[in-house]
Each structure stands twice: as C-alpha cells, then as structure tokens.
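Please treat every number below as a calculation from the coordinates, not as lab data. Predicted model, so just to flag it, every value in this text is computed and none were measured. Counting neighbours? That spans all protein chains shown, and the Cβs are built from the backbone with ideal geometry, glycine included.
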Amino acid sequence: MKITVKAYAKINLMLDILSRLENGYHDLFMIMQSVSLYDEVTVEKIESKDIKITCNIEGIPTDEKNIAHKAAKAFLSFNNIEDAGLHIHIEKNIPHAAGLAGGSADGAAVIVALDEIFGTSLKEKDLIRIGEKVGADVPFCAIGGTMLAQYTGTVLSHLPELNLPYIIIVKPSQDVSTAAAYSAFDTAERVRHLDKSGMLQAVMKGDMQSIYNKVDNVFEQFIDVSDRVIIKDIMRKHGAKCACMSGSGPSVFGIFEDKQSAEKCLEALKNDYTESYLCSAVSEGCKITED
C-alpha cells in the first residue's frame, strides 16, 4: 500500500517567547497558520524491515537524522508495530531551514500516511502525543489550519479560520541557527513582548485590520537577517497589509488582499530572491492525495 500526502508549510502570525523553561526549552505563544506551499511525502510498505528514505534534492539527510525517520519510529512504537519495512520518498518544495517547518511537515505527513496504511484511526490527541516525541512543530503540522500553540509549541488550541488568500513567502540566502536564535533571547538585556491578548481577541473576532497591525515576531529583536528590511520594504511598497519573519527565520512573509498586487510583488522579488512563493492559507496541515 502506498500513500502520498501533501505536507503544508506554516507561518507564524505571532511568535513570542515567555520564558526559558527548566528543561532548557522555551515557553512560547504562537499564532500558527498553515499555507498552501507543500512538500509531497509518499510512504509505502516494503518487504524489508528497514526504514528507507529518499529525497529529490541533495543535502537532506536520508538516515535516522531525518525527522521523517524519527516520525515513523515514533508512530510504530506508539502503536506497538514491530518489524515494519517502509520506503519514504520526500519531494521537497518548502525551503530547508527557513522557519517554515518544512522538516516538521514531512514528519507529520509520515504519521498521517502511516495512520492510513495501518488503519490505526488516530485521534487528534494521539497525533499530538506522537508528534511531540518527534519535534515541537510536528503536532501543529499534523493538524494545521489556524491554531494557538503554547508551551513548547505542543499545546494546541483551534482558532477560527482566517481569510488569507494571498501570502508571499521569501527565503533569503542567509541561514539562521534556531539554537542560536533562542540563545540570543536568553542573553538579551531587554525583550519587548508582544500584544498577545490583543492578537488573540482580533483573531477570535476576525478583525483583519487589527490582525495585520499586530502580526509580529519577537525573534526580529535578536536575529539579524540582512535582507529582511529590504524584502519587507518591497512587500509594503506593493501593498502588503503586513510583513514579518516566520519562526526563527530567515523567511519573510507578506499578506496581501489583492491578487494583482501580490503577483507584481512576487515578480519584483524574484529578480533577487529565487526562493519566492505565492501561496494562501489552508485549513489543514496534511492532505492525503492518493492511495
């Protein structure tokens, strides 16, 4: 049996860090949104007892280091399934190490595919329990849509769907270390925390103007992405309602209400940034496309 799943990327409409926890992780407040930029993950049972991973691009690990491998092991362990051989093929479209949860989306897609293959009928709470053993963004990526993510990102609450038809995402060439980003927070002398209550109220009311005004990412106070200001300026000149960095970066997204403006902005950005994408909000984290 073979299952193919669309694994959707995410953006952070708001990301604030409340504190560093005793276990070394961080207490977070995030408004997360799935977007239509996706990887395709195909999972197939094979006769071998090994987990084999292949990928369409070079530089992605295809061994135990890949989050898809970890997700498969976590699913099998959770369901007490032994000696299962799997071939996982990943068609990457989401930029790597971009703050868009591309790896976590792939891991989530593996869990969703295996649930279908083995007929385990996992509930949402099960997806979260398996996903949190793999990575902080995996539970959200397995469920997706518009959600509030708290604690380390694994405490999830559903929020009303938002009408975000045109989102441009740009990944500059600069890489950002997630560990270094959190370390910068830990050592910062001052942190300007975000209007979390105001953002949550705006989302619950569907007040789009207030949402645009409050879109923000605390990492922008500590992480220096040299092209971020340039990209945001281009987006705003073309009519973006807001522009912000996603995750710990370096990707920047802009939200538009007008298709023509978004397309003109994309054309302008692609001159200097090849990894530029026009997408929209989606209401799920993973979607089975064929079996």
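Worth a mention:
- Among beta bridges identified by DSSP and lying wholly in segment 17-120, the antiparallel ones come to about 65 percent.
- Short-range pairs are left out: with C-alpha atoms under 8 Å and at least six residues apart, the relative contact order of segment 1-139 is 28 percent.
- J(HN,Hα) series, segment 120-133, from Karplus relation 6.51 cos²θ - 1.76 cosθ + 1.60, nearest Hz, glycine and proline x: 7, 6, 5, 8, 4, 5, 6, 4, 5, 5, 5, x, 5, 6
- 10 Å beta-carbon shell around Val170, net charge (K/R +1, D/E -1): +1
- Couplings for segment 147-161, taken from phi via the Karplus curve 6.51 cos²θ - 1.76 cosθ + 1.60 with θ = phi - 60°, read 9, 8, 10, 10, 6, 7, x, 9, 9, 10, 9, 5, 10, x, 5 Hz in order; Gly and Pro are left as x.
- Sequence-distant residues sharing a close amide H with Val282 (under 5 Å, placed H): Ser34, Val35, Ser36
- Highest to lowest packing among 104-110, 56-62, scored as the average C-beta count within 10 Å: 104-110, 56-62
- Judged by the mean number of other Cβ atoms found within 10 Å, the most tightly packed of the peptides 33-40, 143-150 leads the ranking 33-40, 143-150.
- Mean Cα-pair separation over length for segment 166-279, i.e. relative contact order, pairs under 8 Å, 6 or more apart, %: 41
- Most fluctuating residue given options Cys279, Cys242, Cys55, as computed from a GNM of the chain linking Cα atoms under 10 Å: Cys55
- With the largest listed first and rounded to whole Å, the semi-axes of the equivalent ellipsoid of segment 153-283 from the Cα gyration tensor are 23, 22, 13.
- In sequence order, calculated HN-Hα J values of segment 164-176 (Karplus, 6.51, -1.76, 1.60; Hz; x Gly/Pro): 10, x, 9, 10, 9, 10, 10, 10, x, 6, 5, 9, 10
- Long-range HN-HN contacts of Ile53 with modeled amide H, under 5 Å: Ile88
- Kirkwood Rh in Å, taken over all unlike Cα pairs in segment 70-136: 12.5
- Close amide H pairs (under 5 Å, H built 1.01 Å from N) link Tyr25 with no residue at least 5 positions away or on another chain.
- Remark: the chain projects, on average over all directions, an area of 14.9 nm² (convex hull of Cα atoms).
- Radius, Kirkwood style, for segment 2-159 when every pair of distinct Cα atoms is counted (Å): 15.7
- Helix content alone sets the calculated 222 nm mean residue ellipticity of the chain: runs of n ≥ 4 DSSP H residues at -39500 (n - 2.57) each, divided across all residues, give -9500 deg cm²/dmol.
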